[in-house]
Amino acid sequence: MLNEKVASLLNEQINKEFYSAYLYLEFSAYFEDEGLDGFANWYKVQAQEERDHAMLMFQYLQNNSHRPVLEGIARPTAAPNGRLEVLKAGLAHEQYVTNLIHTIYDAAYEVKDFRTMQFLDWFVKEQGEEEKTAEDMIKKMELYGDDAKGLYMLNSELAGRTYAAPSLVL
């Protein structure tokens, strides 16, 4: 039986994951306006990942006899002004999400909900990867972003990102 506090936190996280997708679509639109279709693509793929994260939690609640309750998704604030600022906002957001996942994990740990902890292990690992990727993008932008050829190469690299659905077993 899933603990009510843990279930509530997971339900709240569904909304936050959908918000993350909205935020990354906002970032994608910003980069599209800047003529950086590779960056725009990268954030569109990121939005798809966030939607899948929400759906994994949605399904997990259902699999544990809890009906997910969907709330309204807030409109993202306007994207920060400037390429580097957008990337830094992305890192800050991933760090925020990591903290949220840790909060759910802590609540599951408190009640010895080992099944939910195991479920969340994938998200803990995923967040580590997300933060590392965001940090790497910032470093690359700081190195190459002021050079047109370097920015072109970075944009081309990001254009090659494709979506792969997570293979998490619920």
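The values are calculated or read from the model by the stated rules, or taken from the named source; none is laboratory data. Remember, predicted model here, so these are calculated numbers, not experimental data. Ideal geometry is used to build each Cβ from the backbone, glycine not excepted, and the neighbour counts take in all protein chains shown. Keep in mind that these areas ignore ligands, DNA and RNA; they rest on the heavy atoms of the full protein, side chains included. Shrake-Rupley method; radii C 1.70, N 1.55, O 1.52, S 1.80 Å.
Some observations on this one:
- Largest accessible area first, the listed residues T98, T162 line up as T162, T98 when surface is computed with a 1.4 Å probe on the assembled protein chains.
- Cross-link partners of K16 among aspartates and glutamates (Cα-Cα below 16 Å; sequence separation of 8 or more within a chain): E26, E49, E50, D52, E71, E94, E126, E130
- Counting only DSSP H runs of at least 4 residues, each contributing -39500 (n - 2.57), and dividing by the residue count of the chain, the helix-based mean residue ellipticity at 222 nm comes to -27000 deg cm²/dmol.
- For the chain, modelled as a GNM whose springs connect Cα atoms under 10 angstrom apart, the maximal fluctuation among I73, I14, I101 occurs at I73.
- With Cα atoms, 0 to 90° folded angle of helix 83-110 axis to the chain main axis: 10 degrees
- Of the options (i) -0.65, -0.78, -1.17; (ii) -0.43, -0.61, -1.22; (iii) -0.48, -0.65, -1.09, only one is log10 I(q)/I(0) by the Debye sum over Cα atoms at q = 0.11, 0.13, 0.18 Å⁻¹ as computed from these coordinates, and that is (iii).
- Nearest 10 degrees, 0 to 90: helix 148-159 Cα axis against the chain principal axis: 30 degrees
- Taking packing as the residue-averaged number of other Cβ atoms within 10 angstrom, the listed peptides 18-26, 82-90 run from highest to lowest as 18-26, 82-90.
- Anchor K112: lysines whose Cα lies under 24 Å away (excluding residues fewer than 8 positions away in-chain): K5, K125
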